[in-house]
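Let me begin by presenting the structure, written as structure tokens, before commenting on it.
The values are calculated or read from the model by the stated rules, or taken from the named source; none is laboratory data. Since the structure is predicted, the reported quantities are computational estimates derived from the model, not experimental observations. Ideal geometry is used to build each Cβ from the backbone, glycine not excepted, and the neighbour counts take in all protein chains shown.
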Amino acid sequence: MVKCTLEPRSTGLWLYKTTNKNGLMTFRGDGIFTWHEAEQCYTLSWFDPMGVLPDILRGSIEKNILTLTSRGPQRYTRTFLDFTGEKRHQFRMEVSQDGKEWHTFTEGTYERKD
């Protein structure tokens, strides 16, 4: 089971993601969404045990879709967050070795619970 929690704080919007299987946590990642005034872009600083820490993605929102990209020492990463639904959001992360050929790494649909 995947659980994502968003928590607004004065430093930005924090994202906590955990994956559990058979009652055991198999993955945990934490991120913080912020607005970078000097660069005029959104950023996501992402921390998890799978890569070089932190991975900082930058991007913008167009037509309710937040697109963030980064180029790290091991790979290129891009994510898409589609906020067109009122209570449901689509997420997709793609990775590439060369920045030209992309492969879906993970994707999901998140539903807001009131």
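You will find that of Thr34, Thr43, Thr67, the residue that is touching a His at 6+ places or on another chain (Cβ under 6 Å), of a type in the set (Val, Ile, Thr) and at pLDDT 85 or above is Thr43 and no other.
When only residues in segment 54-75 that are among the aliphatic types (A, V, I, L, M) and over 19 Å from Asp98 (Cα atoms) count, which is surrounded by the most Cβ atoms within 10 Å (Cβ to Cβ)? Result: Leu66. Taking strands (runs of 3 or more DSSP E) as the structural unit, those lying wholly within segment 51-114 and holding at least 2 residues that are free of Cβ contacts under 8 Å to residues at least 40 places away in the same chain and over 21 Å from Glu7 (Cα atoms) correspond to 65-71, 76-82, 88-96, 103-111.
Phe47 meets the conditions (1) touching a Leu at 6+ places or on another chain (Cβ under 7 Å); (2) within 17 Å of Leu81 (Cα to Cα) in every case but one. The failed one is (2).
Table: residues versus (1) of a type in the set (Phe, Trp, Tyr); (2) under 17 Å from Trp14 (Cα atoms); (3) in contact with a Phe, Trp or Tyr (Cβ under 9 Å, 6 or more places away or on another chain).
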| position | (1), (2), (3) |
| --- | --- |
| Ala38 | no, no, no |
| Thr43 | no, yes, yes |
| Lys63 | no, no, no |
| Arg92 | no, no, yes |
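In this structure, Tyr110 qualifies as closer than 19 Å to Pro8 by Cβ, within 14 Å of the chain's Cα centre (by Cα) and modelled with pLDDT under 90.
Of the residues making up segment 59-81, none is of a type in the set (Asp, Glu) and within 15 Å of the chain's Cα centre (by Cα). Each residue in segment 3-20 was checked for being within 21 Å of Thr109 (Cα to Cα) and either surrounded by fewer than 10 Cβ atoms within 10 Å (Cβ to Cβ) or not charged (D, E, K, R) (or both), and 11 pass. Among the residues of segment 50-95, which ones are of a type in the set (Lys, Arg) and more than 16 Å from Thr106 (Cβ to Cβ)? Arg58, Lys63, Arg71, Lys87, Arg88 - these are the residues of segment 50-95 that are of a type in the set (Lys, Arg) and more than 16 Å from Thr106 (Cβ to Cβ).
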